[in-house]
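Heads up: the structure comes next, in structure tokens.
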Amino acid sequence: MIALRLSEIDIWYKEAHADLNRPELLSKLAVLEMCGWIEEEFDLVIRDVDALSLRDSEWVNDNIISKNSGFTYDTHLRQMLVKLIGEFLVKRIEAALEVSHPGDLAQLRNLLLQLWRMRCALAHTALAAAPHRQYTLNAPSITMMQYNSLNVLVSRFRALVISEIQGL
């Protein structure tokens with residue numbers, strides 16, 4: 001669904017239009033849509049882990065998912081996992097990921113951190129900001145490439161988390 005949404009935004013971005021703010025607004029929209037997708041994917045990882053371990057979806061939703069508002073690896077996803085399954089299992093999952101897909105965890109951390117910083121800049125800066133507060137906006141096609149990379153990394157991570165927990 002998100003791939004289709006980003007593709008639509010990219011098509012709109014490429015259309016000729018008299019409104020000079022339209023490309024910037026669509027660029028911001030593409031990033032924010034992808035950020036929403038990432039948060040939803042993280043929630044799914046946590047729900048998968050809950051279904052395989054604690055089996056208390058109400059507690060997980062109230063005490064873990066609803067208390068999270070971000071998507072960096074270390075500050076958000078990792079902390080939710082630690083709260084649910086503990087530091088020992090999270091370290092085990094990270095080690096298994098490094099063995100099966102060397103470099104994926106570092107790449108996931110870096111991409112999420114870059115995207116988080118971009119999201120914060122977009123959310124806290126108006127298009128008409130003073131020049132010293134302005135930033136470079138990527139075309140939606142760049143956001144689509146970031147999505148493609150993140151989708152692979154998040155899918156591998158999710159599959160490995162499930163596999164590790166099922167193997168207990």
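The values are calculated or read from the model by the stated rules, or taken from the named source; none is laboratory data. Not measured: the values here are computed from a predicted model. Every residue, glycine among them, receives a Cβ derived from its backbone with ideal geometry; neighbour counts consider all protein chains shown.
Points to keep in mind about this one:
- In the stretch 64-76, of all residues being in contact with an Asp or Glu (Cβ under 9 Å, 6 or more places away or on another chain) and of a type outside the set (Ser, Thr, Tyr), the one that is farthest from Gln114 (Cα to Cα) corresponds to Ile64.
- Residue pairs meeting the criteria (Cβ under 6 Å; at least 6 apart or on separate chains; first closer than 16 Å to Leu111 by Cβ and in contact (Cβ under 8 Å) with a residue 60 or more places away in the chain, in the stretch 14-36; second hydroxyl-bearing (Ser, Thr, Tyr) and surrounded by 12 or more Cβ atoms within 10 Å (Cβ to Cβ)): Ala30/Thr143; Val31/Thr143; Met34/Thr143; Met34/Tyr147
- Residue check for Glu98: surrounded by 12 or more Cβ atoms within 10 Å (Cβ to Cβ), within 19 Å of the chain's Cα centre (by Cα) and among the acidic types (Asp, Glu): no
- Lone unmet requirement of (1) farther than 23 Å from Ile2 by Cβ; (2) in contact (Cβ under 8 Å) with a residue 12 or more places away in the chain; (3) part of a helix (DSSP H, G or I); (4) not β-branched (Val, Ile, Thr) for Leu127: (3)
- Applying the condition of being assigned to a loop (DSSP other than H, G, I, E, B) and without any contact (Cβ under 8 Å) to a residue 24 or more places away in the chain to the stretch 70-106 and asking which residue is farthest from Glu33 (Cα to Cα) yields Gly86.
- With respect to the conditions (1) farther than 16 Å from Leu150 by Cα; (2) surrounded by 20 or more Cβ atoms within 10 Å (Cβ to Cβ); (3) under 20 Å from the mean Cα position of the chain (by Cα), Leu77 falls short on a single one, namely (1).
- From the options Val82, Val90, residue that is touching a Lys or Arg at 6+ places or on another chain (Cβ under 9 Å) and modelled with pLDDT of 95 or more: Val90
- The one condition in (1) surrounded by fewer than 15 Cβ atoms within 10 Å (Cβ to Cβ); (2) closer than 23 Å to Gln114 by Cα that Glu41 fails to fulfil: (1)
- So Leu20, is it touching a helix residue (DSSP H, G or I) at 6+ places or on another chain (Cβ under 9 Å) and on the phi < 0 side of the Ramachandran plot: no
- Some residue of the stretch 110-132 being among the charged types (D, E, K, R) and closer than 21 Å to Asp43 by Cα: yes
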